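Novice: Just dropping this structure here.
The values are calculated or read from the model by the stated rules, or taken from the named source; none is laboratory data. Fair warning: this is a prediction, and the values are worked out from it, not measured in the lab. Cβ placement follows ideal geometry from the backbone for every residue including glycine, while neighbour counts extend to all protein chains displayed.
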Amino acid sequence: MDHDLLVALKALADPNRLRVAGACAAGPRTAAQLAADLRLPEPAVRRHLERLLAAGLVGAAPDVGSSPDIGYELRIEALHAVGRRLGAMEAVDAPISDVTGPDGAPLPPDEAKVIHGFLRNDRLTTIPSQEKKRLIVVRYLRDRCFTEDRPYPEKEVNQRLALFHPDVATLRRAMVDDGLMVRANGIYRRPA
């Protein structure tokens, strides 16, 4: 974990400091205003602001009306950057060898990475819009849901796919369009 990210996370780890950051998100506030709003001693608020400033999470606001004090506001872009960096760490650190194909063998790393990107807690978070990724995800779902070489009525197809995502119609259509399932008279089956 890089130093700047660690500083930002430590700055947000304190509950009162997090409250100060949240209050700064509502608009420019002076230390005195923050202390009054949060019912915290002003010296403590100033110490919290110093840590948040050092982490780059708050900045001086251009103007806070008639007050001679400096106003502080949350730097939303800095908070977003922290989130992106944490998200990138999760993607890099995600174990990709535990995704297996229908034969129990691990999927190739590039396919496993796609699966990890779209499934959380064994549920599809979103249906990929990119064709290559959608094919990988839909093939994975087909292999998980329809293991037997037999006919599947549409109602059963819907029930099985609903375990992974509520938009079963899009998943069914993708499986048929990509040649992963064939459909005739409301009956689905794996292609020969």
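Novice: Can you tell which of V168, V157, V176, V137 is in contact with a Pro (Cβ under 8 Å, 6 or more places away or on another chain) and either acidic (D, E) or in the same structural domain as V99 (by TED's automatic domain parsing) (or both)?
Specialist: Being in contact with a Pro (Cβ under 8 Å, 6 or more places away or on another chain) and either acidic (D, E) or in the same structural domain as V99 (by TED's automatic domain parsing) (or both) holds for just one of V168, V157, V176, V137, which is V137.
Novice: Here's a follow-up. Kindly check whether there is at least one residue in region 14-26 that is assigned to a loop (DSSP other than H, G, I, E, B) and under 30 Å from the mean Cα position of the chain (by Cα).
Specialist: yes
Novice: How many of the residues in region 133-158 are under 17 Å from P102 (Cβ atoms) and not in a helix (DSSP H, G or I)?
Specialist: Of the residues in region 133-158, 6 are under 17 Å from P102 (Cβ atoms) and not in a helix (DSSP H, G or I).
Novice: What number of residues within region 168-182 are in contact (Cβ under 8 Å) with a residue 24 or more places away in the chain, outside any helix (DSSP H, G or I) and exposed (fewer than 15 other Cβ atoms within 10 Å of the Cβ)?
Specialist: So the count comes out to 1.
Novice: Please count how many residues of region 147-162 are basic (K, R), exposed (fewer than 14 other Cβ atoms within 10 Å of the Cβ) and touching a residue at least 12 places away in the same chain (Cβ under 8 Å).
Specialist: Selection size over region 147-162: 1.
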